[in-house]
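What follows is a set of notes on a single structure, which appears directly below.
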Amino acid sequence: MAPRLRFEKTSNQQRQSHSTVSAIGALFSPDGIAPQRLDALAASLSALPHDKLGTWTRGPFALAAAIRHTSAESREQEQPLASEDNRVAVVFDGYLLNPDDLRADLEARGVCLRTRSDVELVLCAYEAWGEQFAERLLGEYSLVIADTRVGKLLLTRDHLGFMPIFYREERGGLSVASDLRTMVAISETPLEPDRLYLAQAIANQWWLREATPWRGVKPVLRASLLTYDGTRLEQRSYWEPPTEVTIRYARDEDYVEHYREVLFDCVKRASRSDSPIGVAVSGGLDSSSLFCIADRLERQGDWSAPGLAGYSLAALEGSNAYELPYARAAAEHVDRPLTEVPLFEPDIDWYTRDAAWHQGLPIVSNGAMMLGLDRRAVEDGARVMINGSGGDEWLQGNAQYFREFASEGDIAGFTAALRRDAGEIGWGAASRQALRQAAAELTPAPLRRMVAARLRERRRKGEREPVWLREEWRQALIEAEESYSAQLPENGVRWAKLNLLKAPFSDLTYTLMQRQRAKVGIESRHPMLSRAFIEFALRTPAHLKRRGTTRKWVHRQAMQNILPPAILDRTTKANFTNTEIDTQLADFVREHWAERLATLCDPEGIEAILKVNFASPEGDFWAWEIWGLYASAAFLYQSSCVTRTNPATGVQQDRNTK
């Protein structure tokens, strides 16, 4: 088949009324690309806001992209982008944090770059370094490369998998898309639900890294490169997070200064946009810090975007989610206005319809609450929203600093930490904590494995045992947990670090939030989840994060004179639980579980969880489990109620959304 390159422009009115968000996809078919399948791919991708729609085909390969532009650089390049000989092409979703570094390295090799776009950097990096190009990319992205020279498709995504990319092997080929809706649209054979994936949602036990609600549709693993040549599919990791402490200073002040430099640089790199950037300001320690840092960077001339604006959720005064006094304190501190947006709190029908449109699980209520804020930012002209996710994961800390001291034989550090903690919580509590952690570290490995196995067994039989699941699914989840645990190191300190990066639950939350923001037309950026930030957290001693009862110690020290005292000294957090929707979810499950969840749930067990009063604090304890039951019931219904067949592929496509 002759190569085809095709672009479609949206109207000026659409260009002005929407921020734009990319969706990407690819096809590999050894018999060549049927035009109907490419049309189906392009049509599904174009359902999201976009500036341009482009396709590329050559031989057994096809690529498509509904392109978003979030920076001046991105406007300089069409997608898909092909090499000069048209034998290699790429589609790219997201943004790079290190474009200047890549540009310098490529130009040093004699590469002549025609534009400043990220997608050209990606294409040239692949041509320069081959499959090793992935380890050089920093940012939040997913991408697909079709290389007809070697007959391969290459898929990769960033270190945490912010930007989803899915694939499915069928009929000797590969289907690829950045969203499940498109995977359903382009599949050549009917898709079926993955009931083990749904079982983990129902139990709130997330162990499956290579699964989605659709059986056979898999996510590319985070920090991995996947290659497919028509006969062999291979996937390898291109980045392994450091687990050893390698950054050491004699003085705390040096750690604080280094941390401040890293955080400022991460925020600065996330400011690349040709529209004003929104900053989500919850009033918490992390988001408020990013807002104040962004303000300082702009005043210093180090902010790339033409302005910034703060946005905060306006919960009802007196509710557990009410944080406005703190958010207002941050805005007043930097003398900037703050746009306050009510929480988006729809009824259950909205969640069910939205999930059916996306052909996936419904979003959780505390994620949906952000929708109004994101929409308002888009209305104001923003195409990028910076948020403070990551601080809780990488800065909270725990008492494992005693384990680090014990493993290193650092008696002086151990003693100093014990004395410091005793001053806050008393010698008895501090000593018990220190001895427990030291014993866990110094216990011989065989005994440690035995204790860990017993603790897992005790937890499985504890109050959160998913008795509402049938026994066969509980056993399947136990096997999945054992398989997941076997991928992690035995050492407790290293286990905790790697589990934070590999835990499948975060894949779910990133995917749900990304799909919601893509539909609105805004790109979310996470400075405190960048590779540089994470690597600093992993390479520095644990005692910098927590000291006694003070969490995020190094961050609080670094933010002196940057944050107002009201936020700097804050130790509370808001609770965004929506008891009204949780009650609706429980009512939905009561009404429908017998017809939709009978193959997954145990009748006696499910009656026990449905006795919970979800309007009470007890209901908050079980919120994720009732969401999992509802989400699975709604998904199984939508996947079984076929209303139309995709004319391009003959596959079930549109489903009942009741």
_residue 398-residue 261 FRET efficiency (beta carbon distance; Förster radius 30 Å; 0.05 resolution)_ = 0.75
_Once each part is reduced to its C-alpha centroid, what is the distance from the range 532-599 to the range 181-259 in angstrom?_
21 Å
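Please compute the contact order of the range 391-549 in relative form: average sequence separation of alpha-carbon pairs under 8 Å and at least six residues apart, divided by the residue count, as a percent. If you can, show how the numbers build up before the last one.
Values: 91 pairs, mean separation 70.9, N = 159.
Once divided by the residue count of the range 391-549, the mean separation gives 45 percent.
Convert 10 °C to kelvin, take the viscosity as 1.306 mPa s, use the Kirkwood radius over C-alpha pairs of the range 78-124 as Rh, and evaluate the Stokes-Einstein diffusion coefficient in µm²/s, rounded to a whole number. Display every interim value, and only then the final one.
Values: Rh = 11.1 Å.
Diffusion coefficient, whole number: 143 µm²/s.
Which value, in Å², gives the accessible area per residue of the range 221-272 when a 1.4 Å probe is used on the protein heavy atoms?
Numbers: 2520 Å² over 52 residues.
That works out to 48 Å² for each residue.
Summing +1 for each Lys or Arg and -1 for each Asp or Glu, what net charge is found among the other residues whose Cβ lies under 10 Å from the Cβ of residue 546? Could the numbers behind the result be given before it?
Numbers: positive: 545, 547, 551, 552; negative: 421.
With Lys, Arg at +1 and Asp, Glu at -1, the neighbours total +3.
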_Per 0.36 nm of contour for each residue apart, how much would the distance between residue 375 and residue 490 grow if the chain were fully extended, relative to their Cα-Cα spacing?_
36.9 nm
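If you average 1/r across every pair of different Cα atoms in the chain and take the reciprocal, what Kirkwood value do you get, in Å?
Numbers: mean 1/r = 0.0381 Å⁻¹.
Its Kirkwood hydrodynamic radius stands at 26.2 Å.
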*the range 157-218: relative contact order as a whole-number percent, Cα under 8 Å and 6+ apart*: 29 percent
*residue 229 paired with residue 439, simple spin-label distance in nm, labels 7 Å along Cα-to-beta-carbon*: 5.5 nm
_Keeping all protein chains in the complex and leaving out DNA, RNA and ligands, what accessible area do you get for residue 411 with a 1.4 Å probe, in Å² to the nearest 10?_
130 Å²
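Which entries of 552/573; 218/497; 545/573; 461/611; 497/545; 152/497 show an alpha-carbon separation above 23 angstrom in the structure shown? Show your work: numbers first, answer last.
On the way: 552/573 13 Å; 218/497 25 Å; 545/573 17 Å; 461/611 20 Å; 497/545 13 Å; 152/497 34 Å.
Over 23 Å apart, Cα to Cα: 218/497; 152/497.
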_Below 8 Å between Cα atoms, with a sequence gap of 6+, how large is the relative contact order for the chain in percent?_
17 percent
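Over its Cα atoms, what ratio of radius of gyration to 2.2 N^0.38 Å does the range 230-280 give? List each step's numbers first, then the result.
Details: Rg = 18.7 Å, N = 51, 2.2 N^0.38 = 9.8 Å.
Output field value: 1.91.
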_Can you divide the C-alpha Rg of the range 295-387 by 2.2 N^0.38 Å and report the result to two decimal places?_
1.29
*Please work out the FRET efficiency for the pair residue 464 and residue 111, using the Cβ-Cβ distance as r and a Förster radius of 56 Å; give the result to the nearest 0.05.*
0.55
*What accessible area per residue, rounded to a whole number of Å², is obtained for the range 346-433 using a probe radius of 1.4 Å?*
38 Å²
*Would you mind telling me the share, in percent, of accessible area of the chain contributed by carbon and sulfur at probe 1.4 angstrom?*
49 percent
_Segment residue 299-residue 85, length gained on full extension (0.36 nm per residue, minus Cα span)_ = 72.5 nm
*Using only Cα atoms, locate the centre of the range 128-149 and the centre of the range 338-414, then give the distance between them in Å, rounded to an integer.*
28 Å
_I need the calculated FRET efficiency for the pair residue 274 and residue 349, taking r as the beta carbon distance and R₀ as 30 Å, to the nearest 0.05._
0.20
*Compute the separation of the alpha-carbon centres of the range 155-169 and the range 318-337 and state it in Å as a whole number.*
36 Å
_Accessible surface ranking that places the most exposed of 369, 513 first, with a 1.4 angstrom probe_ = 513, 369
*Using a basic spin-label model with each label point 7 Å from the Cα along Cα→Cβ, how many nm lie between residue 449 and residue 471?*
2.9 nm
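The values are calculated or read from the model by the stated rules, or taken from the named source; none is laboratory data. None of these values were measured; they are calculated from a predicted model. So basically every Cβ, Gly included, is an ideal-geometry build from the backbone, and we count neighbours across all protein chains shown. Note: areas computed on protein heavy atoms with side chains; ligands, DNA, RNA excluded. Shrake-Rupley method; radii C 1.70, N 1.55, O 1.52, S 1.80 Å.
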